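The values are calculated or read from the model by the stated rules, or taken from the named source; none is laboratory data. Nothing here was measured: the structure is a model prediction, and the numbers come from that model. Cβ atoms come from the backbone with ideal geometry, glycine included; neighbour counts cover every protein chain shown. Heads up: the accessible areas ignore ligands, DNA and RNA and are worked out on the full protein's heavy atoms, side chains in. Shrake-Rupley method; radii C 1.70, N 1.55, O 1.52, S 1.80 Å.
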Amino acid sequence: MMETVVALGVLILGIITILALMASAIAFSQISEHSIIVANLAREGIEVVRSIRDFSRTDPSVLPSGATSFFDSSVDGCYIVDVKNNFNLHNFIDDQYWQQIGACSGCQLYQDQTSNLYSHSATGKETVFKRAIKIEEVSSHEKKVLSKVTWTERGRTHEFILEDHLTDW
């Protein structure tokens, strides 16, 4: 009888260990998935701003009103940019949202169910991700672009910031 109890104990211990490993593997895969998505969303934000810089050379209407060049000081500020938004900087957000992006309802990203693309338009499924872009003047021919993505995972808020410098070449 004692051998049976010990054998059941060892069996139960083995099953619990396997279940715990499976649960941690699932959690790790979700963390890895979010890390990849966040890096790509931040990179996409930088690329949209790079495209706006390039488009503004021939079409200044993609810039905020009053700006004639991407390198005008009036372009500096915080923005919400999308690939689906025809590459423009008209979606200006208050600078306070850069610090407290969690309070920015316009920064929320949604995933389109047919194309799986992420955008700020509430036509898709709401995600845990928020993104904002900040453009700062470094010199008259250089802008620093920061792309910030935040997300909440397991009750903790995470933040990822990607920085790039764009020049007037």
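Overview of values
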| item | result |
| --- | --- |
| Cysteines not pairable in the chain (beta carbon separation under 4.7 Å absent) | Cys78 |
| Positive-pole candidate from Leu162, Tyr110, Ala27, dipole of the chain, charges at beta carbon | Ala27 |
| GNM top mover of His90, His120, His158 - the chain, alpha-carbon springs below 10 Å | His158 |
| Charge dipole magnitude, Cβ of K and R +1, D and E -1 - the chain, Cα centre, debye nearest 20 | 320 debye |
| Tilt relative to the chain, helix 2-56 - C-alpha long axis, 0 to 90 degrees, to 10 | 10 degrees |
| Net length gained if the chain between Val5 and Met22 were fully extended (0.36 nm per residue, minus Cα distance) | 3.6 nm |
| Long-range HN-HN contacts of Val81 with modeled amide H, under 5 Å | Ile133 |
| Residue-normalised accessible area of the chain, given per residue in Å² at a 1.4 Å probe | 59 Å² |
| Sulfur and carbon atoms: percent of accessible area, the stretch 31-169 [1.4 Å] | 49 percent |
| Reachable aspartates and glutamates, given that their alpha-carbon falls under 17 Å from the alpha-carbon of Lys134 and they are not under 8 places away in the same chain | Glu44, Glu47, Asp72, Asp76, Asp82, Asp94, Asp95, Glu142, Glu159, Glu163, Asp164 |
| Cα centroid of the stretch 86-106 to Cα centroid of the stretch 1-55, whole Å | 30 Å |
| Length-normalised contact order of the chain in % [C-alpha pairs under 8 Å, at least 6 apart] | 19 percent |
| Top positive-direction residue, dipole computed over the chain with Cβ charges, set Ile101, Leu89, Thr4 | Thr4 |
